[in-house]
Amino acid sequence: MKPLKTFFLSLLMFLPLENAFADYGGGGYGPGMMHWGYGMMGWFGHISMIIFWIVMIVLTVFIIRWVVRTNRQKSSGGSESAFDILKKRYAKGEITKAEFEEMKRDIE
């Protein structure tokens, strides 16, 4: 009776160790390479993904601002006031002084 009792007690004692070694290896979930829900890179993977998306958002904002700024420069660079156009036409001799004065009054 004593050897049987010792045998069962030894089984109960080694059972938790057997489960711990089985889980620690490749078969279960534990602190192995891809376990505990963190993947192969651990916390670095999560942090690097957050940094990646922040960089992508910042780059997108800068690209949009650059495109808008260049479009504004293109559209506003060619616009002249009516009076400037009138002065250029008078300087080229396309209109007379009387026409220039009349158009100037119409503009103002």
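Per-structure values
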quantity	calculated
Residue in the stretch 59-76 that is touching a Lys or Arg at 6+ places or on another chain (Cβ under 9 Å), modelled with pLDDT of 70 or more and of a type in the set (Ser, Thr, Tyr) present	no
Output for the stretch 89-106, where each listed residue is part of a helix (DSSP H, G or I) and surrounded by 11 or more Cβ atoms within 10 Å (Cβ to Cβ)	Arg89, Tyr90, Glu99, Phe100, Glu101, Glu102, Met103, Lys104
Any chance Tyr29 is touching an Asp or Glu at 6+ places or on another chain (Cβ under 9 Å) and at pLDDT below 90	yes
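The values are calculated or read from the model by the stated rules, or taken from the named source; none is laboratory data. Remember, predicted model here, so these are calculated numbers, not experimental data. Please note: Cβ atoms are built from the backbone with ideal geometry, for glycine as well, and neighbour counts cover all protein chains shown.
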